[in-house]
Amino acid sequence: MPVPVIQTERLTLRPLRASDAGLISLHAGDARVATMTTRIPHPYPPGAAEGFIERAQRDDSGEQAWALDATKIDGEEFLGVISLSNTGEVGYWIGPPFWRTGFASEALAAVVAHHFAHGGGALKAQVFQDNDASAAVLTAAGFHYLGEGEAYSVARAATHPVWTYNLDR
């Protein structure tokens, strides 16, 4: 499924490109990022960013993945990633230099609006229970708390408690 470009006030959400690999490696390689995700390993291995980009660009990837690009406000060209799977699961991460800037909230609001404007169904998300900031991003976007569970984190090499959320149209 092609990844559309989505504009926000400060961001361009755009498809990932090969030139993002270095900054993906830098930010995803930070343990503070990796341990808050289910799929990012730590340490981040050589070639992982290139593989991630290649998978994201495939038509059969099962999800749409956007780079958060702030060049429209003379900011960095890569701040993090937000994705939406074919099953309606939203995921995102932001590089530590851009935490507490509102970029994650802005990107999530734009992806949610785009999804619903194009007839998409209910969305779901989960966050590790030690990630209050990400939980706040979800609730600010209108997601509702559903309950608790567990998810495996590659970086932690263990299951860890999560909070689950959903958002209906």
Candidates Val111, Val127, filtered to the one that is under 20 Å from Arg39 (Cβ atoms), part of a strand (DSSP E or B) and hydrophobic (A, V, I, L, M, F, W, C): Val127
Residue check, Asp69 open to solvent by less than 60 Å² (accessible area, probe 1.4 Å), in contact (Cβ under 8 Å) with a residue 40 or more places away in the chain, in contact with a Ser or Thr (Cβ under 7 Å, 6 or more places away or on another chain) and among the acidic types (Asp, Glu): yes
Tally, over the range 77-114, of residues that are acidic (Asp, Glu) and either touching a Pro at 6+ places or on another chain (Cβ under 6 Å) or touching a residue at least 40 places away in the same chain (Cβ under 8 Å) (or both): 2
Whichever residue in the range 153-169 is among the β-branched types (Val, Ile, Thr) and assigned to a strand (DSSP E or B) and, among such residues, is least open to solvent (accessible area, probe 1.4 Å): Val162
The lone exception for Leu84 - which of (1) closer than 16 Å to Ser19 by Cβ; (2) of a type in the set (A, V, I, L, M, F, W, C); (3) out of contact with any Leu (no Cβ under 6 Å at 6 or more places or on another chain) it fails: (1)
Search result, residues across the range 124-149 that are open to solvent by 60 Å² or more (accessible area, probe 1.4 Å) and within 15 Å of the chain's Cα centre (by Cα): Lys124, Gln126
Breaking point among (1) surrounded by fewer than 17 Cβ atoms within 10 Å (Cβ to Cβ); (2) within 19 Å of Asp168 (Cα to Cα); (3) within 17 Å of the chain's Cα centre (by Cα), for Gly121: (3)
Members of the range 82-102 that are open to solvent by less than 20 Å² (accessible area, probe 1.4 Å) and out of contact with any His (no Cβ under 9 Å at 6 or more places or on another chain): Ile82, Ser83
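The values are calculated or read from the model by the stated rules, or taken from the named source; none is laboratory data. All of these numbers come straight from a predicted model, not from anything done at the bench. No Cβ is skipped: glycine too gets one built from the backbone with ideal geometry, and neighbour counts run over all protein chains shown. These accessible areas exclude ligands, DNA and RNA; they are computed on the full protein's heavy atoms, side chains included. Shrake-Rupley method; radii C 1.70, N 1.55, O 1.52, S 1.80 Å.
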